[in-house]
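Please treat every number below as a calculation from the coordinates, not as lab data. All figures in this text were calculated on a predicted structure; none of them were measured in a lab. No Cβ is skipped: glycine too gets one built from the backbone with ideal geometry, and neighbour counts run over all protein chains shown.
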Amino acid sequence: MTSTDPVRVYSARKDAAYPPPPEAVLAEVASMIELILHEYADGLPEITRDTRLGDDLELESIDLVTLSGLLTEWYGESVHLARFVAGLDPDAIIALTVGDLVDHIVARLAPAAGE
């Protein structure tokens, strides 16, 4: 990452609501996916909460690794994609949607009760 890259830990941002609202997370995750799949941008479906990472976007394992790195850089270690996926059964992993990922991020960034 260069110093001009927009990716940085979200919690350190002074110009954004924290924790971020789900619609902001959806837009950010969609942008990350588009960045990863930029060479296929003309053939990408609209990325919504219901978009499946595997069936609709055809993300390969290297794409998921890249997405995981971007998510960790932007939001911090608490949203680590590999840890999230490790807790899912195989059918849930296959059916994983952008919305599932957004919900995970929002939940992980939400302050604990009493904070």
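Every condition in (1) touching a strand residue (DSSP E or B) at 6+ places or on another chain (Cβ under 9 Å); (2) closer than 23 Å to GLU23 by Cβ; (3) not charged (D, E, K, R) is met by ILE94 except one, and the failing one is (2).
Could you tell me whether the stretch 65-72 includes any residue that is within 14 Å of PRO22 (Cα to Cα), polar (S, T, N, Q) and touching a helix residue (DSSP H, G or I) at 6+ places or on another chain (Cβ under 9 Å)? Please lay out each step first, then the result.
Our first condition is that a residue be within 14 Å of PRO22 (Cα to Cα); within the stretch 65-72, this holds for none.
No, the stretch 65-72 contains no residue that is within 14 Å of PRO22 (Cα to Cα), polar (S, T, N, Q) and touching a helix residue (DSSP H, G or I) at 6+ places or on another chain (Cβ under 9 Å).
Report yes if some residue within the stretch 38-51 is farther than 16 Å from PRO19 by Cβ, hydroxyl-bearing (Ser, Thr, Tyr), surrounded by fewer than 17 Cβ atoms within 10 Å (Cβ to Cβ) and free of Cβ contacts under 8 Å to residues at least 40 places away in the same chain; otherwise report no. Scanning the stretch 38-51 turns up at least one residue that is farther than 16 Å from PRO19 by Cβ, hydroxyl-bearing (Ser, Thr, Tyr), surrounded by fewer than 17 Cβ atoms within 10 Å (Cβ to Cβ) and free of Cβ contacts under 8 Å to residues at least 40 places away in the same chain. Residues of the stretch 50-69 that are under 17 Å from ILE94 (Cβ atoms) and over 11 Å from the mean Cα position of the chain (by Cα): ASP50, THR51, ARG52, GLY54, ASP55, ASP56, LEU57, GLU58, LEU59, GLU60, SER61, ASP63. Take the residues in the stretch 79-102 that are within 12 Å of the chain's Cα centre (by Cα) and not hydrophobic (A, V, I, L, M, F, W, C), then tell me which one is farthest from ASP55 (Cα to Cα). In this case the residue turns out to be HIS80.
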